[in-house]
Structures are given as structure tokens and as C-alpha cells.
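Chemist: Got a structure for you, questions after.
The values are calculated or read from the model by the stated rules, or taken from the named source; none is laboratory data. Not measured: the values here are computed from a predicted model. Because the Cβ atoms are built from the backbone with ideal geometry, glycine has one as well, and the counts that use them run over all protein chains shown. The area values use the complete protein model at the heavy-atom level, side chains included, leaving out ligands, DNA and RNA. Shrake-Rupley method; radii C 1.70, N 1.55, O 1.52, S 1.80 Å.
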Amino acid sequence: MQVPFGDLKIHYQTYKHEFDQACLRVLASGHFILGPELETFEQKFAQFLKVQHVAGCASGTEAIYLALAACEVGQNDDVLVVAHTAVPTISAISMTGAKPVFVDIDPITCLMDVAQLESCITPQTKAIIPVHLYGQVVDMESVLKIAAKHNLFVIEDVAQATGATYRGAPAGTLGDFGAFSFYPSKNLGAFGDAGAISTNSQTNFERLIMLRNYGQSRRYYHDIIGINSRLDEIQAAILAAQMPFIEEWNKRRLEIAKRYTTGLKDLAQTPNMPGLTEHVYHLYVIQVDERDELQAYLAEHGIQCLIHYPIPAHLQKAYSYLGYKVGDLPVTERIAKRILSLPMFPELTDKQVDLVIETITDFYALRKSTQLQVPSKVVSPHTTVASKA
Ligand SMILES: *Cc1c(COP(=O)(O)O)cnc(C)c1O
């Protein structure tokens, strides 16, 4: 039995009829951009989030960019963010001309360490981007308090946390904007690139829909400088067709996570189950000292694991101009060497999950026996430890 990291074909096979119908309907309509399918999806997604407005756009990266642009974040502004994220979070900041300023993370949650947030604020700071990494929500109460005190915009990066909640409120509805990605492997995924921005402000929404469509208020009237970042009708129809299943899929992810945590709690640092937030396990990430050996052993046994993310943004070549060096973000850098994302997708079977757990258990049993043999030969040839192990 092989255990892939993800499997995007299963979704299509299971709901083939719905998806085929959605695509064929758009093809026959002759309306491909900014049409009724987008409006339907935006409404459904706004209802799901219990938020006033949703604006579809072309990707998660551009969702963050458009939100920043709506706040008029640009050159000479600083944006507070973490380096332990998907690099597109940072690309979006760069697209505005602003400078990313990195806050270190908490070693348990791997999320922004809000205790360090205030000390990173500069006179140039204009916005904070809390990244709800892996499907958990950042401590938003602290973020919002600090943002209010210093008059900063808050743009939540919800790319990995569609459906997660914080004190009962959906992630992406707590700050000024929520930026979502519907990259195919995300908890809600299109069959191509797609994204959306949520906001409770009518003014912000109006800016967003101009910004995503060349800055037009109406055809040929360009009130502000915009870009092209639209969510096309085919992707919108596919997303709307998936909406009825998102809660069920997230529930299954939680079940899988609980099974992993029960099976692995004595072997690895498992994700904490936060009290105030509902984790949607876009990724199930463990922390171990011998990460590379474990990943190689699992691969040899047909289990595919990935690392999210191996190189923090502040140590990427593209961001060397910011002047960060090794040691500047100690927790971020240590975590990058310890994390391992186990297979996680709603269609994963209990049998497959158990196989992952058993294989990790075998890895540690084997390691223990070989480790006991080595010192026994060197230090004390008469000991019986080696033969016992
Ligand atoms: C996927 C992702 C993005 C980028 O989304 P795209 O749709 O690929 O542009 C941004 N931030 C995080 C945390 C992500 O996981």
C-alpha cells in the first residue's frame, strides 16, 4: 500500500457529475469573465464566512496584494509578517513596494509570536499579516489589540485555513480583510488558480472590485490604478459546486488528525489542539529531531511526506536584500529543521493513517535498537544491552 501526500483525482471522481455540469454550463453560456457564476460563488462564500462581502480574484497571492493595495500600502511602508510561511505571502508584500518585517514564531503552534509583535513595530509599519498556517488561527485578540493601538491594518492570510474559526468567528472575518487561496490542494480548491478577499466594509469591497479589474469603476472609467486579477467563471462554478462539501471535508481532516495524534503522541511533537480555535488541518505537521532520516525512511516504505517550509523567507536568495542573516529568527530557523507534514487529505483511509503511524513506530524501534548496539560495543563489550535490544 502506498500513501501519497495528497490525491486531487479522487475529488473529481467522487463528484464528477457536479463538476462536469458546472463546466459545461459555463462553456455553453459564452460568459467567461465576471458573470453570474462568480456572483453566485461570492454570495455562497460570504454566507459560509458570515461576512458582508467577498470579492473573487485570480490567486491567493493576489488576494493578499489586492487587500494591501486597498489599504494603500506601498513604498516606504513596513508590513509585519512571519518568515515561516509560503513565500507567496511575502511576494504579495513585495508587489506593493512595501518592505516585509519578520516576526519570529511560537515553537509549539509555529504561528506568529504575538508577544514579539509590538517590539517589531517601526514608524513605517502600516499593516500586519497574521498567517493562519497549517489551518490554525493566530491569536487574533492580541493582534487586533496591537493593531488598534498603533492604527495598523490587519490582513489575514487564510490560504490554509478556509473554515477554521477563532472563538466561534470564521478565520478571515476578524481583521480588515481575509485573503483566501483556492489553489487545487487547499481545503477548498479550484481546478486551477483562484482566490478571494473577504471584508465587512462596503468601501473596501468597492475598492477591491475596481483594483481587480484594471481600476475601473465602470467600463472605460479608470478611477484608480488596478491590475487584472479576476476569478473566471469556470473556476467560480467549480468552487460553488464544492461549497456544500467543505464542512464535511474539514471534519474528516480533523478525524484523521486525531487518529495521528493518538498514535504518535509518544514519538513526536504533535500539533497542539488549541482551545479557542478550530483547526482545519490543511496540513498535519509533526516535529522531530531526526526529521530527514524519518522522511527518507517513510519514503522507502511508500509514504510521501513534505516539508512546509524548508527554507524560511528571510533566508531566501530573493530576500537577501533585506539584510537578515542566520540566527536572526532563531525559532523559525530551528522549526524549519524539525517539521514534517504527514499525508493529509479528506479521502485518506483509516488504514492508510494507521500504516503511517506503524511505519513511524517501526522507525523509532529500529533506531533505538541500532543506537543501543553502537555504544555497547565501544564503551562496554560485556554489557547485555545490545543483545536485549
Ligand atoms: C497557498 C498559499 C498562498 C498563495 O496562494 P496562491 O493561490 O498559490 O497564490 C499564500 N499564503 C499561504 C500561507 C499559502 O499557503
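Chemist: Distance between the C-alpha centers of region 233-258 and region 150-205? Whole Å please.
Modeler: Spelled out, the Cα-based centre of one part sits 15 Å from the other.
Chemist: Let me ask you something else. Using packing as a proxy for protection, rank 120-128, 299-307, 78-86 so that the peptide with the highest average count of other Cβ atoms within 10 Å comes first. If you can, show how the numbers build up before the last one.
Modeler: On the way: 120-128: 17.3, 299-307: 15.7, 78-86: 25.4.
My ranking of the peptides, most packed first, is 78-86, 120-128, 299-307.
Chemist: Could you tell me the relative contact order of the chain? Use alpha-carbon pairs under 8 Å, at least six residues apart, and round to a whole percent. Don't jump to the answer; show the numbers that get you there.
Modeler: Working: 751 pairs, mean separation 80.4, N = 389.
Computed value for the chain: 21 percent relative contact order.
Chemist: Run the numbers for R25 and S369: contour at 0.36 nm per residue of separation, minus the present Cα-Cα distance, in nm. Intermediate values should be presented prior to the final figure.
Modeler: On the way: separation 344, 0.36 × 344 = 123.84 nm, distance 6.09 nm.
Gain in length upon complete extension: 117.7 nm.
Chemist: Figure the gain on full extension for D350 and K337 (residue separation times 0.36 nm, minus the Cα-Cα span) and round it to one decimal in nm. List each step's numbers first, then the result.
Modeler: On the way: separation 13, 0.36 × 13 = 4.68 nm, distance 2.83 nm.
Gain on extension, D350 to K337, equals 1.8 nm.
Chemist: In what sequence, highest mean first, do 205-211, 157-163, 357-363 appear when ranked by Cβ atoms within 10 angstrom?
Modeler: On the way: 205-211: 22.1, 157-163: 28.9, 357-363: 17.0.
Answer by packing, highest mean first, reads 157-163, 205-211, 357-363.
Chemist: Also: In nm, give the distance between the simple-model label positions of I224 and T203, each being 7 Å from the Cα along the Cα-to-Cβ direction.
Modeler: 1.1
Chemist: Follow-up question, since we're still on this one. I'd like the Kirkwood hydrodynamic radius of the chain, using the inverse of the mean 1/r over distinct C-alpha pairs, in Å. Working shown, then result.
Modeler: On the way: mean 1/r = 0.0449 Å⁻¹.
By the Kirkwood definition, the hydrodynamic radius is 22.3 Å.
Chemist: Moving on. Non-local amide H neighbours of F153 (under 5 Å, H modeled in plane, Pro and chain starts lacking H): which ones?
Modeler: Hits under the 5 Å cutoff: A127, I128.
Chemist: Quick one: of K16/K44; K258/K337; K16/K265; K50/K258; K50/K145; K50/K186, which pairs are farther than 29 Å apart, Cα to Cα? The partial results should precede the final answer.
Modeler: On the way: K16/K44 21 Å; K258/K337 24 Å; K16/K265 38 Å; K50/K258 27 Å; K50/K145 22 Å; K50/K186 20 Å.
From K16/K44; K258/K337; K16/K265; K50/K258; K50/K145; K50/K186, over 29 Å: K16/K265.
Chemist: Can you work out the accessible area per residue across the chain, with the rest of the protein chains kept in place, probe 1.4 Å, in square angstrom? If you can, show how the numbers build up before the last one.
Modeler: Working: 17670 Å² over 389 residues.
Accessible area per residue: 45 Å².
Chemist: At a probe radius of 1.4 Å, what is the per-residue accessible area of Y321, in Å² to the nearest 10?
Modeler: 140
Chemist: Note down the relative contact order for region 45-107 as a percent, whole number, built from C-alpha pairs under 8 angstrom at least six residues apart. Spell out each step's value before the answer.
Modeler: On the way: 65 pairs, mean separation 20.8, N = 63.
Reported relative contact order: 33 percent.
Chemist: Hydropathy first: keep DSSP H helices in the chain averaging at least 0.0 on Kyte-Doolittle, then drop any whose Cα extent along the axis falls short of 18 Å, and list what survives. Spell out each step's value before the answer.
Modeler: Details: long enough: 16-29 (20 Å, -0.16); 36-49 (20 Å, -0.42); 246-264 (27 Å, -1.10); 350-378 (43 Å, -0.19).
In the chain, no H run is both long and hydrophobic enough.
Chemist: Please compute one quarter of the surface area of the Cα convex hull for region 153-208 and express it in square nanometres.
Modeler: 4.0
Chemist: Along Cα→Cβ, 7 Å out, is where each label goes; now give me the distance between the ones at M1 and K149 in nm to one decimal.
Modeler: Spacing of the two 7 Å Cα→Cβ label points: 5.1 nm.
Chemist: Highest mean first, what order results for 135-148, 18-31, 189-202 on Cβ atoms within 10 Å?
Modeler: Numbers: 135-148: 20.6, 18-31: 14.2, 189-202: 22.2.
In descending order of packing, they fall as 189-202, 135-148, 18-31.
Chemist: Give me the percent relative contact order of region 213-358, please, defined on Cα pairs under 8 angstrom at least 6 residues apart.
Modeler: Relative contact order here is 25 percent.
Chemist: How many angstrom lie between the Cα centre of region 301-348 and the Cα centre of region 36-56?
Modeler: After rounding, the separation between the Cα centres reads 33 Å.
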